[in-house]
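Chemist: Input: one structure, supplied below.
The values are calculated or read from the model by the stated rules, or taken from the named source; none is laboratory data. Treat the numbers as computed from the prediction; the structure is a model and nothing was measured. Because the Cβ atoms are built from the backbone with ideal geometry, glycine has one as well, and the counts that use them run over all protein chains shown. Only protein heavy atoms, including side chains, enter the accessible area calculation; ligands, DNA and RNA are left aside. Shrake-Rupley method; radii C 1.70, N 1.55, O 1.52, S 1.80 Å.
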Amino acid sequence: MATPPRVRFAPSPTGYLHIGGARTALFNWLEARRDHGRFVLRIEDTDRERSTVESVQAILDGLRWLGLDWDEGPEVGGPYAPYFQTDRLATYRAAADRLVAEKKAYLCYCTKEELEERRKVFERQKRPYKYEGTCRNRTEPVPGRTAVVRFRMPDSDETVTFEDRVIGKISKQSSDLDDFVMLRADGIPLYNFGAVVDDHGMEITLVIRGQEHINSTFPQLLVYRALGWKTPDFAHLPLILGPDREKLSKRRHPEADVMLHRKNGILPEALLNFIVRLGWSHGNEEIISREQMVQWFGFDHVGSTSGVWNPEKLLWLNQHYLKTLPEADVAQRLLPFLAQRGVDAAGDPRLPRVVVALRERSKTLVEMAELARPFFVRPEMDPKAVAKHLDDTGRVMLRKAREALSPVTPWAASGIDPVLKALSESEGVGMGKVAQPIRVAVTGSTVSPPIGETLELLGKDETLERIDAALR
């Protein structure tokens, strides 16, 4: 039996949880859950200028909202703690010191200004800059200067190759790589070094990350070799593009923010279903439950072409889940959106019935809350709806409807609809001429479930009082 995988999601806390990060977390989570492995959350907080406590919390909140629970990491702990890179600095220093002692890395005293000057020379010559190895063979420190630690690339050119679970075999010449900075003078590791030390220390068996990290894999493989450590497997996921076919970015695309979707009334089930299909498929299945994702997921069906954001598809999926989740469940999730609109519907026995009445015409919880609000509070009248449907003719029809509705018992759509239909026939007008003045009077707008259902949910007393108020 294969060893259960150990996988990790290692975000940098420099802002909200990005959709691309959420998909990476999801694919790691699925891999762990499918094969009874461990999903590790590690926070790469070494960018001290941009990393914030608020961003860490935003990442944790986003993952929890999506239901991506982690087995080890912040607020959970685990056998490989600590799970914040800034708490692991001694580990990186020890590994760097060992490489320096073994002449596989060296101290570099070049200043930022000197490196910038050299870079400009290369730019003028239209050549990509690669560190020339100025300090490669330096044996003495430079007085008054601090040193970074650089990795020593192989002296002779060689081909660095790995087998990617998604893309297949990928190679690069070591001569294309430079002696990169592993450790800054203040002891902070850079990505290509810190990730290796952490992945080895946490016994990660498979690194699942975006295709933008492919080039990082080659220097990392050389670090593994230099330290004599076993390399994990790698799987690089395709990019996610925005609707404009540009890479989905925080700067250009507001939809890149996971929690914005929560605010916009998207269900986590819908967002997970949507992002799992950005780069992975199972036949022609579009509706995929969390349980099915775990059962079906595998890298043989992860594509290498970029996934494109499709807002219409996300809304379609969201409406599907609004219609198929238990109404009591949707009702609970609707409460905060109603509260934002001044409605406290907690404990109201009508709420699940309102959900059932509205889910065919709501694509988001925001839309549902807007449509649900008039069932719980007296609505403001839409002036355009009033002008169109409560003019003199409309008010006459509303008064007749009030008289016809008054004796209806029991108060149910099955009794209300025939009465209003009989009124429309006796007046020689279409049903809309009867229903719309009532609808505007009781909901404030021209949009609601069928009129009988709307009035049943409002209740007889409230319906008649609202009609009377509109007539006044």
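Chemist: Please give every one of the aspartates and glutamates within straight-line cross-link reach of K112, meaning a C-alpha to C-alpha distance under 15 Å, and leave out same-chain neighbours fewer than 8 residues apart.
Modeler: Counting by Cα, and skipping residues close in sequence, K112 has these aspartates and glutamates nearby: E132, D186.
Chemist: Another question, if that's okay. Evaluate the range 248-399: find the radius of gyration of its Cα atoms, find its Kirkwood radius, and give the ratio Rg to Rh.
Modeler: Working: Rg = 19.7 Å, Rh = 18.0 Å.
My calculation puts Rg/Rh at 1.10.
Chemist: Could you tell me which residue out of S175, G444, P219 lies farthest along the dipole of the chain toward its positive end? Charges go on the beta carbon: Lys and Arg +1, Asp and Glu -1, centred on the Cα centre.
Modeler: Toward the positive end, the furthest listed residue is S175.
Chemist: Would you mind checking the tilt of helix 214-227 against the longest principal axis of the Cα atoms of the chain, expressed as 0 to 90 degrees and rounded to 10?
Modeler: 40 degrees
Chemist: Please state the charge dipole magnitude for the chain, taken about the Cα centre, from unit charges on C-beta atoms (+1 on K and R, -1 on D and E), reported in debye and rounded to the nearest 20. Show your work: numbers first, answer last.
Modeler: Values: 67 positive and 67 negative charges, 161 e Å.
That gives the chain a dipole magnitude of about 780 debye.
Chemist: Step through the residues of the range 295-311 one at a time and calculate ³J(HN,Hα) from phi using the Karplus curve (6.51 cos²θ - 1.76 cosθ + 1.60, θ = phi - 60°), rounding each to whole Hz and writing x for Gly and Pro.
Modeler: Per residue, the Karplus-derived 3J(HN,Hα) values read 5, 9, 4, x, 6, 5, 10, 8, x, 9, 8, 5, x, 10, 5, 10, x Hz.
Chemist: Then there is this: State in Å² the accessible area per residue of the chain; use a 1.4 Å probe, count heavy atoms of protein chains only, and round to the nearest integer.
Modeler: Numbers: 22400 Å² over 472 residues.
Ligands and nucleic acids excluded, the figure is 47 Å² per residue.
Chemist: Compute the FRET efficiency between T139 and Q332 as 1/(1 + (r/R0)^6), taking r as their Cβ-Cβ distance and R0 = 56 Å, and round to the nearest 0.05. Please list the in-between numbers first.
Modeler: Details: r = 69 Å, r/R0 = 1.23.
The pair T139/Q332 has a calculated efficiency of 0.25.
Chemist: Related question: Applying the Karplus parametrisation 6.51 cos²θ - 1.76 cosθ + 1.60 with θ = phi - 60° to the phi angles of the range 80-90, what ³J(HN,Hα) value in whole Hz is obtained for each residue in order, glycine and proline being reported as x?
Modeler: Along the range 80-90, the couplings run 10, 4, x, 10, 10, 4, 5, 8, 10, 4, 4 Hz.
Chemist: Compute the separation of the alpha-carbon centres of the range 284-305 and the range 38-75 and state it in Å as a whole number.
Modeler: Centre-to-centre (Cα) distance: 25 Å.
Chemist: To the nearest 20 debye, what charge dipole does the range 2-69 have about its Cα centre, counting +1 at the Cβ of each Lys and Arg and -1 at the Cβ of each Asp and Glu?
Modeler: Dipole about the Cα centre, nearest 20: 280 debye.
Chemist: Shifting gears a bit: No solvent, one uniform scatterer per C-alpha: report log10 I(q)/I(0) for the range 133-182 via the Debye equation at q = 0.22, 0.31 1/Å, two decimals.
Modeler: Results for the range 133-182 at q = 0.22, 0.31 Å⁻¹ read -0.88, -1.19.
Chemist: Pull out a ≥ b ≥ c, the square roots of the eigenvalues of the alpha-carbon gyration tensor of the range 76-235, then state rounded if a/c is under 1.5, prolate if not and a/b is larger than b/c, and oblate in the remaining case.
Modeler: Working: a/c = 1.86, a/b = 1.24, b/c = 1.51.
Oblate.
Chemist: Counting every Cα pair in the chain, what percent are over 31 Å apart? Display every interim value, and only then the final one.
Modeler: On the way: 63514 of 111156 pairs.
Roughly 57 percent, rounded to a whole number.
Chemist: Below 14 Å, Cα to Cα, which aspartates and glutamates can K363 reach? Residues fewer than 8 away in the same chain don't count.
Modeler: The qualifying aspartates and glutamates are E269, E312.
Chemist: Taking amide H positions as placed in the peptide plane 1.01 Å from N, state which residues far from R6 in sequence (5 or more) or on other chains have amide H under 5 Å from it.
Modeler: Answer set, sorted by chain and number: R38, T205, L206.
Chemist: Using amide H atoms built 1.01 Å from N in the peptide plane, name the residues 5+ places from V308, or on other chains, whose amide H lies under 5 Å from its own.
Modeler: L241
Chemist: Related question: Starting from the amide H of M182, placed 1.01 Å from N in the peptide plane, find each other amide H under 5 Å away whose residue is 5 or more places distant or on another chain.
Modeler: Those qualifying (amide H under 5 Å, at least 5 residues apart or on another chain) are V149, R150, F151.
Chemist: Using a 7 Å offset from the Cα along the Cα-to-Cβ direction at both D300 and V76, what is the distance between the two label points in nm, to one decimal?
Modeler: That separation, rounded to one decimal, is 2.8 nm.
Chemist: Rounded to whole Å and ordered largest first, report the semi-axes of the equivalent ellipsoid of the range 144-251 derived from its Cα gyration tensor (root of 5λ).
Modeler: Values: eigenvalues 127, 71, 46 Å².
Over the Cα atoms of the range 144-251, the ellipsoid semi-axes are 25, 19, 15 Å.
Chemist: How far is helix 19-34 tilted, in degrees, relative to the longest principal axis of the Cα atoms in the chain, given as a value from 0 to 90 rounded to the nearest 10?
Modeler: With both axes taken from Cα atoms, the answer is about 80 degrees.
Chemist: Right, another one. Where the accessible area of the chain is counted over protein heavy atoms with a 1.4 Å probe, how much of it, in %, is carbon and sulfur? Numbers along the way, then the final one.
Modeler: Working: 11380 of 22400 Å².
Within the chain, the accessible surface is 51 percent carbon and sulfur.
Chemist: If you put +1 on each Lys and Arg Cβ and -1 on each Asp and Glu Cβ, how big is the dipole of the range 225-314 around its Cα centre, in Debye rounded to 20?
Modeler: Values: 12 positive and 11 negative charges, 100 e Å.
For this selection, approximately 480 debye.
Chemist: Packing-wise, with mean Cβ within 10 Å as the measure, how do 47-56, 178-187 rank, highest first? Please list the in-between numbers first.
Modeler: Working: 47-56: 13.0, 178-187: 17.8.
Most protected by this proxy first, the peptides run 178-187, 47-56.
Chemist: For the range 381-472, what mean projected area does the convex hull of the alpha carbons give, in nm²?
Modeler: Working: hull surface 20.2 nm².
Averaging across all directions leaves 5.1 nm² for the Cα convex hull.
Chemist: Quick test of your reading: applying the under-4.7 Å Cβ rule, which cysteines of the chain are isolated?
Modeler: So far as the 4.7 Å Cβ criterion goes, C110 stand without a partner in the chain.
Chemist: If the chain between K384 and T111 were fully stretched, how many nm would it gain, using 0.36 nm times the residue separation less the Cα-Cα distance? Intermediate values should be presented prior to the final figure.
Modeler: Details: separation 273, 0.36 × 273 = 98.28 nm, distance 6.88 nm.
Length difference between fully extended and current span is 91.4 nm.
Chemist: Kindly provide the helix-only [θ] at 222 nm of the chain, computed as the sum of -39,500 (n - 2.57) over DSSP H runs of four or more divided by all residues, to the nearest 500 deg cm²/dmol? Provide the component values of the computation, followed by the final result.
Modeler: Values: 19 runs with 216 residues, N = 472.
Mean residue ellipticity, 222 nm, calculated: -14000 deg cm²/dmol.
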